[in-house]
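Report on the following structure.
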Amino acid sequence: MTIRTSSLPSLLGAGGAMLLSACTTTEFPAVDTSDFSAAKRELVDSVPVVDVHTHTFNSRFLPLRGIVLAKRDMLGDHAQYATDARVLALADLITRMTGESKLPAEHEVNAKIAADVSALAEVRNISAEEVAADPGITGARKLLDPDKTKPVDKLTRKEEASLMDFVALFDEEPKGFVTLLKENSKDKGSRSERASEYFHFLRCLTKADNRVEGRFQSDHNERINLAVSHMMDLAPTYNQEEENPRLYSTRDQIRRMQSQQKQAKGKLLYFVAYSPFRDTWEKDREAADGRALEIVRKAYESGGAFGVKVYPPSGYRPAGNKIPDPPSSKWKQPLEQWKARYEPKNRPPVTGDDLDRRLLDLCRWAVKNDVPLFAHCAKGEFEAQPGYDQLADPRGWQLLLQEHKELKNLRLCLGHAGGGGEWYSAGKWDNSKWGKTVYELCRDYKNIYCEFGCHQDIADPDKRKIFTGNLKSLIADSRKPWPDGTPRDWDFGDKIIYGSDWFMPMTHASDRLNYLLAFKSAVYDAGSNDDESEMLCRDFCYRNSLEFLNVEERIAKGELPAKLATNLRKLKSIEPKVPAGR
């Protein structure tokens, strides 16, 4: 049974780094620790962990309406279900339950949804009764309602049919999915099925935003010493006006992230999101040249932000931009969103040179102030239109750095390390592999790192061994002198970073502690002796992250909660042994 890789994020609006890998329901076994040496066992149990890639936003940080209207073409045969009225009602239902302990009363929420949908979708006189009778909406309520008074396996035939009608919006086999829901409801403790991951994702997406970080720590048994939460600025991409409470404004989002950072007892920091379309987006009243950079600059200087999140699949490259062709669609919204990005009203069209200049300005500011950037770098995942995932190609960063030598010290982490693929495949990588480019950037530039979030294959024991072999080989290769014979000051082991991309679903690596343990074990085994293994594992788990985050300089600049600064100093002060010969 295969998951549609883009339909669920399309309809449920999980921005950011959401990847639902096409896979079966098989969950890989727990890491076998029986053959761990005493040194390995002690280290993996005690080593501090910085998770450099998490999310603690909720549905009100995301333009759900714009997202669902943009994505219907990706539903294939099931697009017949996805009328304007239905998908907008689903988006409103998710938004309205966010932060609530119970789903709002049916008659109340249906009346409001009917009015909202009628106004936006040009559907005249839709009634609350019609919304309530829609099988997709009633099915959605059964998935989203946090009050589990009726287990899924106790549904009537009519209720089950309603649920399947909703599931058909995002899954190729709705009947099989409902069967999984039934099985899962009988075993409350199981997290082995993808159904459980969907429930978990929805619960996180609809939590009050000040409670999401607590769920993150709960999922990891409070074992994460520091989490880095990444924002997503998608309103301009999907052309949805910011209006509280349905969609928090970027200013409100930054305030809320700053509040989360203060309340997390020193264990959370955040990266502010960057969108180059802020300069010209017609629905941003402050749109002007430099607006996008000004947002991140203020968040960094006075809003407590630690760095900047860059998300090319929103519609731009790091360099070498060409405006994509307008979408061909039977729905009008994708074209309207494309025009909002590239042909804004009452302004000249946005050109590739315009986007190049905006990204260059961001990077020059980042280099001048030594601000870390975190960029999505993987295929698939959350693209504004089909094919936009290719805009995350790391060769865009390579081109930028080759053309602008003044950026040689750019502090950058490439999220997902180019994706899974070759990291878990034996044999030589060719130049078409994104992982190879990621490796070369880390090898050749002092401040470029890579992170392995959402690499589910690490949980497979056989593929984990291949990953270890590839890592060991790349570290050895990176220790070769520069072409002129000069020794290198770093190797690839200094550039690898742990990240989970929590709370995005990982359907066969859903046990987050097992996922972390799998990575610890794989990296430890890449060392040639216990000393080098300890160094690699410590570097991967926390030290490389602290270097990427430029912790000492950021503390010196101030604007951080006292407990966060204290925790960062404590993590920075933990000094591992330095093995001989490295």
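Any idea what the dipole of the chain comes to, in debye rounded to 20, about its Cα centre with Lys/Arg Cβ at +1 and Asp/Glu Cβ at -1?
Working: 86 positive and 87 negative charges, 196 e Å.
Dipole size: approximately 940 debye.
Whose amide H sits under 5 Å from the amide H of TRP502, counting only residues 5 or more places off or on another chain, with H placed in the peptide plane?
HIS55
Taking LYS322 as the anchor, which lysines have their alpha carbon closer than 18 Å to its alpha carbon, excluding any fewer than eight residues away along the same chain?
Within reach: LYS339.
Quick one: which of 43-56, 253-266 comes out on top by average Cβ neighbours within 10 Å, and what's the full order, highest first? Numbers along the way, then the final one.
Details: 43-56: 22.2, 253-266: 19.6.
The most tightly packed comes first, giving 43-56, 253-266.
How many percent of Cα pairs in the stretch 425-582 exceed 26 Å? Spell out each step's value before the answer.
Working: 3932 of 12403 pairs.
Tail of P(r) above 26 Å: 32 percent of Cα pairs.
Can you list the residues, at least 5 places off or on another chain, whose amide H is less than 5 Å from the amide H of VAL310, using H built in the peptide plane?
PHE374, ALA375, HIS376
Any of LYS408/LYS480; LYS379/LYS495; LYS207/LYS262; LYS262/LYS309; LYS463/LYS495; LYS267/LYS446 with alpha carbons more than 23 Å apart? Name them for me.
Working: LYS408/LYS480 20 Å; LYS379/LYS495 21 Å; LYS207/LYS262 18 Å; LYS262/LYS309 20 Å; LYS463/LYS495 21 Å; LYS267/LYS446 27 Å.
Beyond 23 Å: LYS267/LYS446.
Kindly provide the helix-only [θ] at 222 nm of the chain, computed as the sum of -39,500 (n - 2.57) over DSSP H runs of four or more divided by all residues, to the nearest 500 deg cm²/dmol?
Values: 24 runs with 259 residues, N = 582.
Theoretical 222 nm ellipticity from helices: -13500 deg cm²/dmol.
Going by Cα centres, the stretch 425-453 and the stretch 217-258 are how many Å apart?
The two parts, judged by their Cα centres, are 29 Å apart.
Along the stretch 290-304, what does the Karplus equation 6.51 cos²θ - 1.76 cosθ + 1.60 (θ = phi - 60°) give for ³J(HN,Hα), rounded to whole Hz, x for Gly and Pro?
Each residue of the stretch 290-304 in turn: x, 4, 4, 5, 5, 4, 6, 4, 5, 5, 6, 7, 9, x, x Hz.
Would you give the gap between the C-alpha center of the stretch 511-563 and the C-alpha center of the stretch 272-301, rounded to a whole Å?
Using only Cα atoms, the two centres lie 32 Å from each other.
Please report the orientation-averaged projected area of the chain, defined via the convex hull of its C-alpha atoms, in nm². Mind dumping the intermediate values first?
Values: hull surface 102.4 nm².
Over all viewing directions, the chain projects a mean Cα-hull area of 25.6 nm².
Taken together, the values in this text are just the output of simple stated rules run on the coordinates, not laboratory data. Being a predicted model, the structure only gives us computed values, none of them experimental. Virtual Cβ from ideal backbone geometry, glycine too; neighbours counted across all protein chains shown.
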